[in-house]
Structure formats: structure tokens, C-alpha cells
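Novice: Dumping the structure here so I can ask a few things about it.
The values are calculated or read from the model by the stated rules, or taken from the named source; none is laboratory data. Here the structure is a predicted model, which means the values were calculated and not measured. The area values use the complete protein model at the heavy-atom level, side chains included, leaving out ligands, DNA and RNA. Shrake-Rupley method; radii C 1.70, N 1.55, O 1.52, S 1.80 Å.
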Amino acid sequence: MSRKKHSKKEVEEALGYAEELGWKVEVGGGHAWGKIYCPYNDKECRCGEFCISSISSI
């Protein structure tokens, strides 16, 4: 894992699990700690756009 760890143990564990399943985690970006990107770029899902969720820093 070459990214900065989240300060909350439970959140970091969940991020690690998501990464094992192929999700991409990016640190930084505005007021959020980072963002998590779905690994499935399916044309039937959201018009082929990656699903993205912000990760809170608190």
C-alpha cells in the first residue's frame, strides 16, 4: 500500500478490504480525506462512468 493511511482504524480497514476487491483509493481532493472509485466501468451502470464516493477525514 503506497498511499497515506486514514487516521480512523475502522475506515482504514474498510479501505484496505475495498482495495483487495479492486477498488481504487485516492488521497486528497477538496474537503474530503480522499475518494474511492468502483472497479467496474460498466456501460449499464451510470452511463459507463466510474462510481465515486468521497471519504470523510473525520
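Novice: Taking all protein chains in place and a 1.4 Å probe, what share, in percent, of the accessible surface of the chain do carbon and sulfur account for?
Specialist: Ligands and nucleic acids excluded, carbon and sulfur reach 52 percent.
Novice: So which lysines can K8 reach, going by Cα to Cα under 17 Å and dropping same-chain residues fewer than 8 places off?
Specialist: Straight-line reach from K8, under 17 Å: K35.
Novice: For the chain, report the accessible area per residue in Å² (1.4 Å probe, heavy atoms, rounded to an integer).
Specialist: 78 Å²
Novice: Could you work out [θ]222 nm for the chain from helices alone, using -39500 (n - 2.57) per DSSP H run of at least four and dividing by all its residues? Round to the nearest 500 deg cm²/dmol.
Specialist: -6500 deg cm²/dmol
Novice: If a/c stays under 1.5 just call it rounded; otherwise compare a/b with b/c (prolate if a/b is bigger, oblate if not). Do that for segment 7-57, with a ≥ b ≥ c from the square roots of the Cα gyration tensor eigenvalues.
Specialist: It comes out oblate by the Cα gyration axes.
Novice: Another question about this same structure. Taking all protein chains together and a probe of 1.4 Å, list I36, I52, I58 from the most accessible to the least accessible.
Specialist: Most to least solvent-accessible, the answer reads I58, I52, I36.
Novice: Turning to a different aspect of this structure: Rank L15, L21 by accessible area, highest first, at a 1.4 Å probe radius?
Specialist: L21, L15
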